[in-house]
């Protein structure tokens, strides 16, 4: 199991676990990260979600859901 040291790494870890297959609210994401022992400030977590190129944001202001644009695939090591 990998350990994420930044918000960006934690979001990537959730994506690799298939968490974003269905749309997830900010609260859902925060709760799942909390279950895994991660507790990041809301503003840093929000910025990491915005920067994640493999996620898209759907919905209206105050009611956004984050969903993957494409599934995570392990890269082959040479």
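Could you list, in sequence order, the residues of segment 47-78 that are part of a helix (DSSP H, G or I) and either within 17 Å of residue 18 (Cβ to Cβ) or touching a strand residue (DSSP E or B) at 6+ places or on another chain (Cβ under 7 Å) (or both)? Hit for segment 47-78 is 49, nothing else.
Candidates 33, 49: the one that is free of Cβ contacts under 8 Å to residues at least 24 places away in the same chain and surrounded by 12 or more Cβ atoms within 10 Å (Cβ to Cβ) is 33. Just to be sure, is residue 44 modelled with pLDDT of 95 or more, loosely packed, with under 15 Cβ neighbours inside 10 Å, part of a helix (DSSP H, G or I) and in contact with a helix residue (DSSP H, G or I) (Cβ under 7 Å, 6 or more places away or on another chain)? So residue 44 passes the test.
The values are calculated or read from the model by the stated rules, or taken from the named source; none is laboratory data. Everything numeric here is computed off the predicted structure, so don't read it as measured data. Glycine gets a Cβ as well: all are built from the backbone with ideal geometry, and neighbour counts include every protein chain shown.
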